[in-house]
Amino acid sequence: MAPMGIRLSPLGVAVFCLLGLGVIYHLYAGVISNRIAAFKQGKSVDLRELLAVSVEAAVQGGREVKRIRDENNLEEKSKGKTKEGASEKLTLGDLNSHRKMFYLIKNTFPYLQVNSEEHDNQGEQETAVWNRVIPSDIQQKVPSSTEVPADSVTVWIDPLDATQEYTENLRQYVTTMVCVAVNGEPVIGVIHKPFTGYTAWAMVGAGGNVEARASYNEKAPQVIVSRSHAGKVKEFIGSALGNDTVIIPAGGAGYKVLALLDPTDEKYDKADVYIHITFIKKWDICAGNAILKALGGHMTTLKGEEIDYRGSEANNGGLLASIHMDHNLLVERLDKERG
Ligand SMILES: Nc1ncnc2c1ncn2[C@@H]1O[C@H](COP(=O)(O)O)[C@@H](OP(=O)(O)O)[C@H]1O
Ligand SMILES: [Mg+2]
Ligand SMILES: [Mg+2]
Ligand SMILES: [Mg+2]
């Protein structure tokens, strides 16, 4: 109660309260903003969970890829041309798979950077969230969690690799892929085959569910190359490794990495080295790079440089992939060709 004779003006009370709030804000503003910054910085993510959600995303995307192909409802379009003038195709399989894969990861881990080859052209967003079940094969190989700062992670998605071959109904080459890079290094790779249901995954430091073959021909390697974006790769290999080198043309960057390994899938090409000399993008190659790295192999540019999976999607230096071989020696052999 106010003392007798003193009347509290509402305006005065309001000004007094505002001044009080100002003093409190002044005292605590630094603390509050520091707390917010610490919360943002402190966000971390478990790599084992990311592996499991990546497998689930690749499988769910793959179901769309298969359904659209089975229904023969591709709605094929062209996105434009590659630098070499090949048509970059886009189908309903690419788009539907993108929606499943991208939103499953993004709805579960909204603060992660997720880069997909495709973009959503429908207003309505998928609302699915990952059920957080870690499959038993992943639990066995990766028995505990590994937390990394969320802002060190870049996820790369290829909702349908080998779209050209998909339109030609060459189903064996088609994959869906997810890759997780930490500070630009590929750490988790998933390559899924929608038409056989086979999934290869691996995590650097933990191994995976796919193995290298028992032996490789290092002296006279058989080389797997693109069938639809080859450029002058045959001439390049002929003069670097010899004109009698066996060259295997195949579709899909995911497929070509699996051809270096021993996948428990249907019939497969068997190659010793994978070479690509034209432009290629990081969603095409990151998952294969992570799997090879996890199993003791290498994927580099043609000059032997590691590829940084941050920032721009472009990889301009070509590709050289091998496992259980002297990768540096291969780089030297190709270097002679470049002169
Ligand atoms: N010169 C190039 N420019 C752009 N993308 C290329 C390319 N060469 C290969 N790619 C992409 O790399 C993937 C594998 O190609 P290839 O089968 O020729 O080896 C394909 O991915 P998508 O099918 O996901 O677009 C293809 O589009
Ligand atoms: Mg494409
Ligand atoms: Mg691709
Ligand atoms: Mg693609």
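State to the nearest 20 debye the size of the charge dipole of segment 222-338 about its Cα centre, where the only charges are +1 on K and R beta carbons and -1 on D and E beta carbons.
My answer is approximately 260 debye.
Taking a probe of 1.4 Å, how large is the accessible area per residue of segment 202-339, in Å²?
Accessible area per residue, segment 202-339: 43 Å².
In the neighborhood of GLU88, defined by Cβ-to-Cβ distances under 14 Å, what is the net charge if each Lys or Arg adds +1 and each Asp or Glu adds -1? Can you show the working numbers first?
Details: positive: LYS77, LYS79, LYS81, LYS83, LYS89, LYS281; negative: GLU76, GLU84, ASP94, GLU117, GLU118, ASP158, ASP161, GLU165, ASP284, GLU313.
For residues surrounding GLU88, the net value is -4.
Between ASN107 and ASN316, what is 0.36 nm times their sequence separation minus the Cα-Cα distance? Round to one decimal in nm.
Working: separation 209, 0.36 × 209 = 75.24 nm, distance 3.19 nm.
Contour length minus the Cα-Cα distance gives 72.0 nm.
As an exercise, use a Förster radius of 30 Å and the Cβ-Cβ distance of HIS119 and ALA220 to find the FRET efficiency, rounded to the nearest 0.05.
On the way: r = 44 Å, r/R0 = 1.46.
E(calc), rounded to 0.05, equals 0.10.
Calculate, axis by axis, the spread of Cα positions in segment 96-207 along the three principal axes, and write the results as whole Å, longest axis first.
Extents along the principal axes, in whole Å: 42, 32, 27.
Viscosity 0.692 mPa s, temperature 37 °C: give me the Stokes-Einstein translational D for segment 96-162 in µm²/s, with Rh taken as the Kirkwood radius over C-alpha pairs. Before the final figure, lay out each step's value.
Working: Rh = 13.7 Å.
So the translational diffusion coefficient is about 240 µm²/s.
Quick one: which residues, 5+ away or cross-chain, put their amide H under 5 Å from the amide H of ASN115? H built at 1.01 Å from N.
Those qualifying (amide H under 5 Å, at least 5 residues apart or on another chain) are VAL155, TRP156, ILE157.
From the Cα gyration tensor of segment 222-338, with a ≥ b ≥ c the square roots of its eigenvalues, which class applies: rounded if a/c is under 1.5, or else prolate if a/b is larger than b/c, or else oblate? Let's see the in-between values first.
On the way: a/c = 1.31, a/b = 1.06, b/c = 1.23.
Because its axes are fairly even, with a/c under 1.5, segment 222-338 counts as rounded.
Projecting each Cα onto the charge dipole of segment 87-139 (Lys/Arg +1, Asp/Glu -1 at the beta carbon, about the Cα centre), which of ASN121, VAL133, PHE109 comes out farthest on the positive side?
VAL133
I'd like the distance separating the alpha-carbon centroids of segment 284-300 and segment 133-178, in whole Å.
Cα centroid to Cα centroid, the span is 12 Å.
Taking θ as phi - 60°, what are the ³J(HN,Hα) couplings along segment 262-267 by the Karplus curve (6.51, -1.76, 1.60), each to the nearest whole Hz, with x for Gly and Pro?
10, x, 8, 10, 4, 3
For a 22 Å ceiling on Cα separation, which of these pairs sit above it: LYS81/LYS336; LYS193/LYS282; LYS81/LYS282; LYS100/LYS193; LYS219/LYS270? Let's see the in-between values first.
Working: LYS81/LYS336 31 Å; LYS193/LYS282 19 Å; LYS81/LYS282 18 Å; LYS100/LYS193 16 Å; LYS219/LYS270 16 Å.
Checking Cα-Cα distances, LYS81/LYS336 exceed 22 Å.
Starting at the first residue of segment 75-90, write each ³J(HN,Hα) from the Karplus equation 6.51 cos²θ - 1.76 cosθ + 1.60 with θ = phi - 60°, in whole Hz, x for Gly and Pro.
Taking θ as phi minus 60°, the curve returns 6, 5, 9, 10, 8, x, 10, 6, 4, 8, x, 7, 6, 8, 7, 9 Hz for segment 75-90.
For segment 222-338, with the dipole built from +1 on Lys and Arg beta-carbon atoms and -1 on Asp and Glu ones, taken about the Cα centre, which of GLY317, TYR255, GLY297 lies farthest toward the positive end?
The listed residue farthest towards the positive side: GLY317.
Step through the residues of segment 284-299 one at a time and calculate ³J(HN,Hα) from phi using the Karplus curve (6.51 cos²θ - 1.76 cosθ + 1.60, θ = phi - 60°), rounding each to whole Hz and writing x for Gly and Pro.
6, 10, 5, 4, x, 4, 4, 5, 4, 4, 5, 9, x, x, 9, 10
Using packing as a proxy for protection, rank 208-217, 296-305, 89-98, 53-62 so that the peptide with the highest average count of other Cβ atoms within 10 Å comes first. List each step's numbers first, then the result.
Numbers: 208-217: 15.4, 296-305: 17.4, 89-98: 23.1, 53-62: 25.7.
The most tightly packed comes first, giving 53-62, 89-98, 296-305, 208-217.
For the residue pair ILE247 and PHE279, what label-to-label distance in nm results when each label sits 7 Å from Cα along the Cα-to-beta-carbon direction?
Distance between the two pseudo-spin positions: 2.2 nm.
Show that you can apply the helix-only estimate: for the chain, add -39,500 (n - 2.57) for every DSSP H stretch of four or more residues, divide by all residues, and state [θ] at 222 nm to the nearest 500. Numbers along the way, then the final one.
Working: 9 runs with 125 residues, N = 339.
That calculation yields -12000 deg cm²/dmol at 222 nm.
Given q = 0.07, 0.15 Å⁻¹, what are the Debye log10 I(q)/I(0) values for the chain, with equal point scatterers placed on the Cα positions and solvent ignored?
Taken in order of the listed q values, log10 I(q)/I(0) reads -0.35, -1.23.
Give, as a single signed number, the net charge of other residues whose beta carbon lies under 11 Å from the beta carbon of PRO194, with Lys and Arg counted +1 and Asp and Glu -1. Could you put the intermediate results ahead of the total?
Numbers: positive: ARG63, LYS66, ARG67, ARG69, ARG171, LYS193; negative: GLU64, ASP70, ASP161.
So the surrounding residues net to +3.
Would you work out what percent of the accessible area of the chain, with all protein chains in place, is carbon or sulfur (probe 1.4 Å)?
Values: 8760 of 16730 Å².
Percent of accessible area from carbon and sulfur atoms in the chain: 52.
The values are calculated or read from the model by the stated rules, or taken from the named source; none is laboratory data. It should be emphasised that the depicted structure is a prediction, and the values quoted were computed from it without experimental measurement. As a convention, Cβ positions derive from the backbone with ideal geometry for all residues, glycine included, and neighbour counts pool all protein chains shown. These accessible areas exclude ligands, DNA and RNA; they are computed on the full protein's heavy atoms, side chains included. Shrake-Rupley method; radii C 1.70, N 1.55, O 1.52, S 1.80 Å.
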